[in-house]
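Below is one structure, written out as structure tokens; comments come after it.
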Amino acid sequence: MNAQELLQEISEYCRQTGLAESTFGRRAVNDGKLASRLRHGGRITTETLDRIRNFMTTNRNVVARPSIIPRSLDRGFESAVAPVASLAAARPAPSVVPMPMPVGGPGLSQGGNGGADPQRNFRFFDNRQKYLLFVNTCSEKWVVAHRVSMELANIHPRPPALRVFDAGVGDGTVLLRTMRAMHDRFPHTPFYIVGKEISLEDVRLATQKMSDRFTEHPATVLVLTNLAYADAPWLHVKSLSAASSMVWHEMALTGSSAHQFEQQITDLVPFLNENWKAGVSPKTGNPVYERPVVLVIYREDHKFLLDPILPRPGGTVANYDLVIASQPYRARASLDFKAKRVIAPLARALGPGGRLIAIHSHGNDPGHEIVQRVWPGDNPFLHDRHQIMKAVKHELGQAGRDLNFNAYADNRSLFRYDMHTLPSEITQESSIGTSTLFAAWNAAIYVSQVEDHRVAEAAADGRYLDATAEVLQKHGGLWFIDESYVISRRRE
């Protein structure tokens, strides 16, 4: 047995029993760093291996502990943060070989032509109907915002501002709720917030949510950009040709009411339509911006106070106190891509004491069960948090010496979110409405990032609805599990 096989057994055992890996190591062989040593190339004797196997065999029937997630900041939404269901089922190994991922940006999906025509390769998260239906029928955005807000207790901003980077703004729900939590904890601290988003529609949705933020917390600088991960935290592009075409636009909001701010933000739509455009790379089929854009929004009556933190063309410091990376990469992307092109650049942007919280889909939930029934053996969730952080640490090398990589135990790392349904809508005795079935199916294929050509093939015979109905009735609803991890920089 090699180290990776043993680690897999230990990981599966810990998921079944609810033990943290450090606790497992202490109980099995009196070494809390056992799993960590194995991941980094450590070796053990055959005697130690026998002790580990005997411990797992002897204690195999330990009852799994449920993972408890604190109640949401929104007291009326307890169901969004319900305890995670038993995680006894081990993550199945993929039985299909994933298609090779194009290099370029996260959240990318392959088309059905094997990559021959880049125009038919599309970015999954820009499939607007699936995205908007998922966002409005599931609680993920709310629950993710709550998990991100928990990190605010661990950051210690330094003058002149609390600095936050959102690595994928989306429709703005997570950022909006995080900003509310930031104001509650730091009501008198200036905010410098940078959000990356390439989708025009998402930028429209996000900006239109922000008028009340400038009213409640006037000392706010909000920056939105479509730059790549390697450039966005610094608002600077390395390519001379791209830098020469950069559009840098500042909007100083006038007035003092949310209504006035909303009108001015709405007036940005023609500017966004003109400049926030994306094309398709002829080489990779990935979405790329036509021109780099930086949009800076702040209140005119607070410009004097905010002057030290207003970004200027030509680049600015990063040094973020908090980096939010919620679903920043496609689950089926290569491990090297996730580490090198996404997480490592974001880790470099952390300031002293800064924390990067990354969140991605975990699988082993009813949503994944639906996909498995339609496509047996399909497992898009290829890499867990341990594998990603190990790859990031290797990528950073000496630059990562002052970083802490926090995987945490499952009861802190994993959390659940649900699809909204009426209490009596899904029972064993009654049939499930067609709209609920379609919403559940959409959520399942969205989270598993199933390509459209495969969805069309499954929909041709209607069996996907039967599979969806069976899973909903089996579990009394639909939920998903996300996995989180934190990379933090030591304080000076």
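Of the residues that make up segment 81-90, is at least one modelled with pLDDT of 75 or more and open to solvent by 70 Å² or more (accessible area, probe 1.4 Å)?
Of all residues in segment 81-90, those modelled with pLDDT of 75 or more come to none.
There is no residue in segment 81-90 that is modelled with pLDDT of 75 or more and open to solvent by 70 Å² or more (accessible area, probe 1.4 Å).
Taking the condition touching a residue at least 12 places away in the same chain (Cβ under 8 Å), surrounded by fewer than 19 Cβ atoms within 10 Å (Cβ to Cβ), more than 15 Å from the chain's Cα centre (by Cα) and assigned to a helix (DSSP H, G or I), does LEU152 pass? Break it down into steps so the answer makes sense when it comes.
Values: touching a residue at least 12 places away in the same chain (Cβ under 8 Å): yes; surrounded by fewer than 19 Cβ atoms within 10 Å (Cβ to Cβ): no; more than 15 Å from the chain's Cα centre (by Cα): yes; assigned to a helix (DSSP H, G or I): yes.
The answer is no for LEU152.
Filtering segment 364-376 to residues that are open to solvent by less than 10 Å² (accessible area, probe 1.4 Å) and in contact with a strand residue (DSSP E or B) (Cβ under 7 Å, 6 or more places away or on another chain) leaves PRO366, GLY367.
When PHE124 is tested against (1) open to solvent by less than 10 Å² (accessible area, probe 1.4 Å); (2) at pLDDT 95 or above, just one condition goes unmet, and that condition is (2). Against the test of being part of a strand (DSSP E or B) and either surrounded by fewer than 18 Cβ atoms within 10 Å (Cβ to Cβ) or over 17 Å from the mean Cα position of the chain (by Cα) (or both), the options GLY351, GLY397 yield a single qualifying residue, GLY351.
Of all the residues in segment 167-202, those that are in a loop (DSSP other than H, G, I, E, B), β-branched (Val, Ile, Thr) and in contact with a Lys or Arg (Cβ under 9 Å, 6 or more places away or on another chain) number 2.
Looking across segment 436-492, the residues that are under 27 Å from TYR408 (Cβ atoms), assigned to a helix (DSSP H, G or I) and touching a strand residue (DSSP E or B) at 6+ places or on another chain (Cβ under 7 Å) come down to ALA443, VAL447.
From the list ASN379, ASN404, exactly one residue is open to solvent by 20 Å² or more (accessible area, probe 1.4 Å) and not small (Gly, Ala, Ser). Which is it? Exactly one of ASN379, ASN404 is open to solvent by 20 Å² or more (accessible area, probe 1.4 Å) and not small (Gly, Ala, Ser), namely ASN404.
When you scan segment 466-486, do you find a residue that is of a type in the set (S, T, N, Q), modelled with pLDDT under 95 and open to solvent by 60 Å² or more (accessible area, probe 1.4 Å), even just one? If you could, list the steps in order and put the result at the bottom.
Going residue by residue through segment 466-486, those that are of a type in the set (S, T, N, Q) are 468, 473, 484.
Subset that is modelled with pLDDT under 95: 468, 473.
Within this subset, residues satisfying the condition of being open to solvent by 60 Å² or more (accessible area, probe 1.4 Å) are none.
No; the residues of segment 466-486 include none that is of a type in the set (S, T, N, Q), modelled with pLDDT under 95 and open to solvent by 60 Å² or more (accessible area, probe 1.4 Å).
In contact with a helix residue (DSSP H, G or I) (Cβ under 7 Å, 6 or more places away or on another chain), open to solvent by less than 30 Å² (accessible area, probe 1.4 Å), over 24 Å from ALA333 (Cα atoms) and not β-branched (Val, Ile, Thr): is that true of LEU437 in this structure? Talk me through it step by step, then tell me what you get.
Working: in contact with a helix residue (DSSP H, G or I) (Cβ under 7 Å, 6 or more places away or on another chain): yes; open to solvent by less than 30 Å² (accessible area, probe 1.4 Å): yes; over 24 Å from ALA333 (Cα atoms): yes; not β-branched (Val, Ile, Thr): yes.
For LEU437, the condition - in contact with a helix residue (DSSP H, G or I) (Cβ under 7 Å, 6 or more places away or on another chain), open to solvent by less than 30 Å² (accessible area, probe 1.4 Å), over 24 Å from ALA333 (Cα atoms) and not β-branched (Val, Ile, Thr) - is met.
The residue pairs whose first member lies in segment 382-393 and is assigned to a helix (DSSP H, G or I), whose second member is of a type in the set (S, T, N, Q) and surrounded by 20 or more Cβ atoms within 10 Å (Cβ to Cβ), and whose beta carbons are closer than 8 Å, counting only pairs six or more residues apart or on different chains, are ARG385/SER413; ARG385/SER484. Which of the residues spanning segment 259-276 are open to solvent by less than 20 Å² (accessible area, probe 1.4 Å) and either closer than 17 Å to VAL247 by Cα or out of contact with any strand residue (DSSP E or B) (no Cβ under 8 Å at 6 or more places or on another chain) (or both)? Matches in segment 259-276: LEU268, LEU272, ASN275, TRP276.
Number of residues in segment 231-245 that are open to solvent by less than 50 Å² (accessible area, probe 1.4 Å) and at pLDDT 90 or above equals 4.
Just to check your reading of the model, which residue among ASP166, ASP171 is within 30 Å of LYS130 (Cα to Cα), open to solvent by less than 20 Å² (accessible area, probe 1.4 Å) and at pLDDT below 95? Let's see the steps before the verdict.
On the way: ASP166 fails: at pLDDT below 95.
The match here is ASP171.
Taking segment 239-258, which residues are of a type outside the set (A, V, I, L, M) and farther than 19 Å from GLY195 by Cα? Walk me through it before giving the result.
Taking segment 239-258 and keeping what is of a type outside the set (A, V, I, L, M), we get 239, 241, 244-245, 248-250, 254-257.
Correct list: SER239, SER241, SER244, SER245, THR254, GLY255, SER256, SER257.
Can you tell which of ARG490, ARG454, ARG412, ARG416 is surrounded by fewer than 22 Cβ atoms within 10 Å (Cβ to Cβ) and within 21 Å of the chain's Cα centre (by Cα)? One residue alone meets the criteria, ARG412.
Of all residues in segment 1-21, count the ones that are part of a helix (DSSP H, G or I), under 27 Å from the mean Cα position of the chain (by Cα) and touching a residue at least 24 places away in the same chain (Cβ under 8 Å).
Narrowing segment 1-21 to residues part of a helix (DSSP H, G or I): 3-17, 21.
Pick out the ones that are also under 27 Å from the mean Cα position of the chain (by Cα) and you get 4, 7-17, 21.
Narrowing further to those that are touching a residue at least 24 places away in the same chain (Cβ under 8 Å): 7, 9-17, 21.
Residues flagged as part of a helix (DSSP H, G or I), under 27 Å from the mean Cα position of the chain (by Cα) and touching a residue at least 24 places away in the same chain (Cβ under 8 Å) within segment 1-21 amount to 11.
Beta carbons closer than 9 Å, at least 6 apart along the sequence or on distinct chains, pair a first residue in segment 31-44 that is in a helix (DSSP H, G or I) with a second that is basic (Lys, Arg) and modelled with pLDDT of 80 or more for LEU34/ARG26; ARG39/LYS390. Checked against (1) open to solvent by 70 Å² or more (accessible area, probe 1.4 Å); (2) closer than 23 Å to SER199 by Cα; (3) in contact (Cβ under 8 Å) with a residue 24 or more places away in the chain, LEU295 meets all criteria but (1). Do you know which of the residues in segment 308-348 that are within 14 Å of the chain's Cα centre (by Cα) and among the hydroxyl-bearing types (Ser, Thr, Tyr) is surrounded by the fewest Cβ atoms within 10 Å (Cβ to Cβ)? Only one residue fits best here, namely SER326. Mind listing just one residue for me: the one in segment 220-246 that is in contact with a Pro (Cβ under 7 Å, 6 or more places away or on another chain) and β-branched (Val, Ile, Thr) and, of those, farthest from LEU356 (Cα to Cα)? The residue in question is VAL237. Restricting to segment 298-337, and then to whatever is without any contact (Cβ under 8 Å) to a residue 60 or more places away in the chain and out of contact with any strand residue (DSSP E or B) (no Cβ under 6 Å at 6 or more places or on another chain), can you tell me which residue is farthest from ALA230 (Cα to Cα)? Checking each candidate, the answer is PHE304.
The values are calculated or read from the model by the stated rules, or taken from the named source; none is laboratory data. Nothing here was measured: the structure is a model prediction, and the numbers come from that model. Positions of Cβ are backbone-derived with ideal geometry, glycine not excepted, and every protein chain shown enters the neighbour counts. Please note that ligands, DNA and RNA were not included when accessible areas were found on the heavy atoms of the full protein model with its side chains. Shrake-Rupley method; radii C 1.70, N 1.55, O 1.52, S 1.80 Å.
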